[in-house]
Amino acid sequence: MKRIGLILTLLCIRVVTSFAASPVTCTPSIEPAADNADAGTLVIKVDVAEGWHIYGLTMPEGGIAAGIPDPTNITFEAGTEADGALECDAEPAAHLDGTLNVELPWLSGSFTLRQPFTRTSATGVVAGTLSYMACTDEACTPPAKFEFSLPFGEAATVQESAATSATNLTELSSYWAPVEVNEESSEQSFWGILLFSFLGGLVALMTPCVWPMIPMTVSFFLKKSKSRRRSIIDASIYSASIIVIFLVLGIVLTLIFGPGKLNEIATGAVFNLIFFALLVFFAISFFGAFEITLPSKWSNAADARAENTSGVLSIFFMAFTLVLVSFSCTGPIIGTVLVETFSQSNLLGPLAGMGGFALGLALPFGLFALFPSMLKELPRSGGWLNTVKVVLGFIELILSLKFLSVADLAYGWRILDREVFIAIWIVLFALLGIYLLGKLRFSHDALTEHTPVGRFFLAIASFSFAVYLLPGLWGAPLKAISAFAPPLYTQDFNLYGGTFEEFHDYDQGMTYAAEHNKPVLLDFSGYACVNCRKMEGAVFDNSAVRTIIEDNYVLIKLMVDDKASLPAPMYVEEEGKTMKLTTVGERWAYLQRHKFGINSQPYYVLLDNAGLPLEAPRVYDENVAAFTEWLEKGIETYQTQK
């Protein structure tokens, strides 16, 4: 176990260091053609950090389907076309990939890439992307892109030096000036993910694939254990092995996507639609249409290895067997847990999610392995386990709408407005109640002559919640589901009112506040931000808070995951590099990082008319009294400064 812990620690360090800074530095410039004003050569000087490499310009046949990485390449934006092949002044070194059994070309150290081009429209810039993948002998970063935009032609004077060839930065107003703030901790979000994942692990224990594994596990340890002390050690190793397996899965997730990409994944249409489809797919499986299983030879091989080995290794393989055999039921729950980890934009999200889930699943198994007599008190497997599975199917279907809603909001499709969302939930909770009463049966359900008392009370809860949702069709706040339902402004028919007058452009809101001599409440939010919706339902919808804001503040609400395109790209400098911002959300996310040095939501700041903080910022906290006091202090400070 010490060796396993050491390997895991080293792997964590590798992940953190791999994403702390880019191992590849690119310096672009342009060499104009002597005989053609519309032609030239893009020159990119590349410096790869020691111990790293990127792949060559041509790769073996087979492509991504055969596991072959994409080659390093350059693509131009509209207005410019490549005129010939990409060239490199260094000869790539051939390295044998033992897994693929094929030689791959590596480029390392310092070298120069040259790509001839022809301008096809009278634009003043040559823009595009250098795509590559950086690797060490042990790990790779996600596919990376270096975006360039260089002035070219009569519209700009071109020089070879990187300093003068960089794109002019977008001019920012004085309101964007960085300020020093007291950063709030985001531990609550971390612990929320940990608790959610831990409960997911406990739920997984009651699924038909996991529950029958309990007596098998206890039987395995009864055969091995010869003393009380040995039983404690074996049970601890077994639980730790389950946790290690799931933690490695969380680390692999981060290795694939990268900590900085998690927020982008959480709000992207493609990934949210995939998550929506997956949860619907899992729900259909839980309803009995089909079974999701891993190849039997995988679980059989792991089980045989557990029987034929001894000591720590056999216990580890027993844990691995549990993970494989239970996949058809835990897979959907793990999928839901992994989606939740994307609310953290760093390594803590996947580790908290998978660690919490593993702890919830491993803890009961460890206790049963430690105290075999507890097994006699457990109910036997039977039809009730299939009922649990179907109920989980309803839950998966209910949760799936959240991810469809995120994509719908971020891209402004408006196909799942609030009343449509609530109507579907009402139908699903009503159907769940009908199922629990035995009036709706699926293929694997056994015919029962009576309704068990437990199912009867659960049916009452399901029907009651459906009735609670009904006023939401006419605009009722429904604070209990504010974290999941689309915001009130998407409600087409609203008898309750309750929407704030707010600005969605920072500079416009600041200008308006200065003209009307009012302080600003700046709200950094996001369509995919669950805690933002909770704050809106629990705090902003409070009558006292609403009155203070409407009477005394100008509210500026900025969505950092808004996918609407900017009228023109925005070029800014961050960490010594020129960045191109193309969406509204990217603009507001940069504002938050640039001005306040933080990148988490929700994040609330009170500003004066010069853009300076009136009080320390606030993060997620549903304490209405504390939030009201904070607003009142901001008013007092603002009036004192006048």
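Here are a few things to note about the model shown:
- Sole residue being crowded, with 17+ Cβ neighbours inside 10 Å and at positive phi, chosen from GLY611, GLY585: GLY611
- Residue count, the stretch 107-122 (criterion: open to solvent by 50 Å² or more (accessible area, probe 1.4 Å) and modelled with pLDDT under 90): 2
- Residues of the stretch 624-636 satisfying the condition of being surrounded by fewer than 16 Cβ atoms within 10 Å (Cβ to Cβ) and free of Cβ contacts under 8 Å to residues at least 60 places away in the same chain: ALA625, ALA626, GLU629, LYS633, GLU636
- Scanning the stretch 402-423 for residues that are at pLDDT below 90 and either open to solvent by less than 30 Å² (accessible area, probe 1.4 Å) or under 19 Å from ILE284 (Cα atoms) (or both) returns LYS402, PHE403, LEU404, SER405, VAL406, ALA407, ASP408, LEU409, ALA410, LEU416, ASP417, ARG418.
- Where ALA616 falls short, out of the listed (1) assigned to a strand (DSSP E or B); (2) more than 24 Å from the chain's Cα centre (by Cα): (1)
- Selection count where residues are in a loop (DSSP other than H, G, I, E, B) and not hydrophobic (A, V, I, L, M, F, W, C), scope the stretch 21-56: 8
- Residues considered: ALA302, ALA289, ALA277. Of these, the only one that is modelled with pLDDT of 70 or more, more than 21 Å from ARG441 (Cα to Cα) and among the small types (Gly, Ala, Ser) is ALA277.
- Residue within the stretch 54-76 that is small (Gly, Ala, Ser), at pLDDT below 85, touching a strand residue (DSSP E or B) at 6+ places or on another chain (Cβ under 9 Å) and surrounded by 12 or more Cβ atoms within 10 Å (Cβ to Cβ) present: no
- Among (1) part of a helix (DSSP H, G or I); (2) more than 32 Å from the chain's Cα centre (by Cα); (3) in contact (Cβ under 8 Å) with a residue 24 or more places away in the chain, the one test that PHE457 misses: (3)
Residue-by-condition table, conditions (1) farther than 26 Å from SER285 by Cα; (2) not β-branched (Val, Ile, Thr):
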| residue | (1), (2) |
| --- | --- |
| THR451 | no, no |
| LEU458 | no, yes |
| LEU469 | yes, yes |
| GLY472 | yes, yes |
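- Each residue in the stretch 501-546 was checked for being without any contact (Cβ under 8 Å) to a residue 12 or more places away in the chain and in contact with a Pro (Cβ under 6 Å, 6 or more places away or on another chain), and 0 of them qualify.
- Residues in the stretch 424-464 that are under 14 Å from ILE398 (Cα atoms), open to solvent by less than 40 Å² (accessible area, probe 1.4 Å) and aliphatic (A, V, I, L, M): ILE426, LEU428, ALA430, LEU432.
- Within the stretch 480-501, restricting attention to residues that are surrounded by fewer than 17 Cβ atoms within 10 Å (Cβ to Cβ) and not in a loop (DSSP other than H, G, I, E, B), the residue that is modelled with the lowest pLDDT is TYR489.
- Filtered by the rule that a residue be of a type in the set (A, V, I, L, M, F, W, C) and farther than 17 Å from CYS529 by Cβ, the stretch 571-597 gives VAL572, MET579, LEU581.
- Scanning the stretch 169-201 for residues that are among the polar types (S, T, N, Q), assigned to a loop (DSSP other than H, G, I, E, B) and modelled with pLDDT of 80 or more turns up just one, SER173.
The values are calculated or read from the model by the stated rules, or taken from the named source; none is laboratory data. This one's a predicted model, so the numbers in the text were calculated from it and none came from an experiment. FYI the Cβ positions are ideal-geometry reconstructions off the backbone, even for glycines, and counts take in every protein chain you see. These accessible areas exclude ligands, DNA and RNA; they are computed on the full protein's heavy atoms, side chains included. Shrake-Rupley method; radii C 1.70, N 1.55, O 1.52, S 1.80 Å.
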